[in-house]
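> Pasting a structure here, questions to come.
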Amino acid sequence: MWLRTTLAAAAVSAAVLAGPQTASASTITLNTYSFAAGSQVITGIDVIGPDSISWGAINAGLFQLNTTAGTLYGFCVDLFHTIQNNIVYQTAPLTFAGDNTPMGSSGSAPDQFPLTTTQAKQINWLTLQAVGELAALTLTAEKSAAYQLKVWEVAYGSAFSYAFAPSAVVSALSGISSALAAADLSSIAIPTALISVQSGPDGPILGERQMLVIGVPEPASLALLGAGLLGLGIAARRRPAVH
């Protein structure tokens, strides 16, 4: 995801850390957000296609999301909308990356950038890998930004490009790309999207905010992920506060 001087940001792909029951919640409210491991500035972000968007400089990296469902971690998968506090989301399987198409009265979702099953699983894999590194205290700001860039590359394909990223980010991105290409996705789940909603005359409609995505851990890895995050929380409590 990204953050400009106005604290504007795009939608995130969030890995649930509070357990699988979070993914089944009918609504989730985002209260506050911040970068989980620092960020790196990426310049010249572009998405081309039926809709197009261009950003000068974007801070990229894994986000910590403080929500009514607990603390979540995730990445941007929607470069067309901004993130804001106190937004309510409904849950649904991830089927598309964000675009500017408004939801019609029929309730159909935007589909200018539809995602295949493989793309959805790849985004889930990337999110879970980054969150795992965060739990292991090995996620640097550079690697965090590299994971974010790879999520955008997967989500938007050839429509996505960027002009510059720090050399350490580019180096990390190369390793992440190779690991993803070799990854076994057979047991990776389809993540659950969090879709911003607002009231309309015929019921809820897609809001002019962002779409979020909840990564779904494998059952076998969920316990390990929770244990790692527990250790991360203990380490954080022991660390002196910095003001």
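The values are calculated or read from the model by the stated rules, or taken from the named source; none is laboratory data. Because the structure is a prediction, the values reported are computed rather than measured. As a convention, Cβ positions derive from the backbone with ideal geometry for all residues, glycine included, and neighbour counts pool all protein chains shown. Just so you know, the surface numbers come from the protein's heavy atoms only, side chains and all, with ligands and any DNA or RNA stripped out. Shrake-Rupley method; radii C 1.70, N 1.55, O 1.52, S 1.80 Å.
> When the residues of region 156-174 are narrowed to those that are of a type in the set (A, V, I, L, M) and out of contact with any helix residue (DSSP H, G or I) (no Cβ under 7 Å at 6 or more places or on another chain), which ends up farthest from Ala57 (Cα to Cα)?
Ala159
> Then there's this: Scan Ala168, Ala130 and give me the residue that is surrounded by 22 or more Cβ atoms within 10 Å (Cβ to Cβ), in contact (Cβ under 8 Å) with a residue 24 or more places away in the chain and within 17 Å of Ser39 (Cβ to Cβ). Explain how you work it out, then say what you get.
Numbers: Ala168 fails: surrounded by 22 or more Cβ atoms within 10 Å (Cβ to Cβ).
That would be Ala130, the only listed residue that is surrounded by 22 or more Cβ atoms within 10 Å (Cβ to Cβ), in contact (Cβ under 8 Å) with a residue 24 or more places away in the chain and within 17 Å of Ser39 (Cβ to Cβ).
> Tally time: how many residues in region 81-99 are at pLDDT below 85 and either β-branched (Val, Ile, Thr) or crowded, with 21+ Cβ neighbours inside 10 Å (or both)?
Of the residues in region 81-99, 10 are at pLDDT below 85 and either β-branched (Val, Ile, Thr) or crowded, with 21+ Cβ neighbours inside 10 Å (or both).
> Which members of region 100-127 meet the condition of being open to solvent by less than 50 Å² (accessible area, probe 1.4 Å) and modelled with pLDDT of 80 or more?
Those that are open to solvent by less than 50 Å² (accessible area, probe 1.4 Å) and modelled with pLDDT of 80 or more: Phe113, Leu115, Gln119, Ala120, Lys121, Gln122, Ile123, Asn124, Trp125, Leu126, Thr127.
> Another question about this same structure. Look through region 57-83, keep the residues that are within 14 Å of the chain's Cα centre (by Cα) and part of a loop (DSSP other than H, G, I, E, B), and return whichever of them is nearest to Pro166 (Cα to Cα).
Looking at the filtered set, the residue picked out is Gly61.
> Are any residues in region 41-53 within 23 Å of Ser167 (Cβ to Cβ) and not hydrophobic (A, V, I, L, M, F, W, C), and if so, which ones?
If the condition is that a residue be within 23 Å of Ser167 (Cβ to Cβ) and not hydrophobic (A, V, I, L, M, F, W, C), then Thr43, Gly44, Asp46 are the ones that fit.
> Name the single residue, out of those in region 137-155 being in contact with a helix residue (DSSP H, G or I) (Cβ under 6 Å, 6 or more places away or on another chain) and aliphatic (A, V, I, L, M), that is modelled with the lowest pLDDT. I'd like the intermediate steps shown before the answer.
Residues of region 137-155 that are in contact with a helix residue (DSSP H, G or I) (Cβ under 6 Å, 6 or more places away or on another chain), as a first pass: 139, 142-143, 145-147, 149-151, 154.
Now narrow it down to the ones that are aliphatic (A, V, I, L, M): 139, 145-146, 149, 151, 154.
Numbers: Leu139: 97, Ala145: 98, Ala146: 98, Leu149: 97, Val151: 94, Val154: 97.
Among those that are in contact with a helix residue (DSSP H, G or I) (Cβ under 6 Å, 6 or more places away or on another chain) and aliphatic (A, V, I, L, M), it is Val151.
> Return only the number of the condition from (1) surrounded by 14 or more Cβ atoms within 10 Å (Cβ to Cβ); (2) modelled with pLDDT under 90 that Pro50 does not satisfy.
(1)
> Another one. What about Ala37, is it crowded, with 20+ Cβ neighbours inside 10 Å and at pLDDT below 80?
No; evaluated as a whole, the condition is false for this residue.
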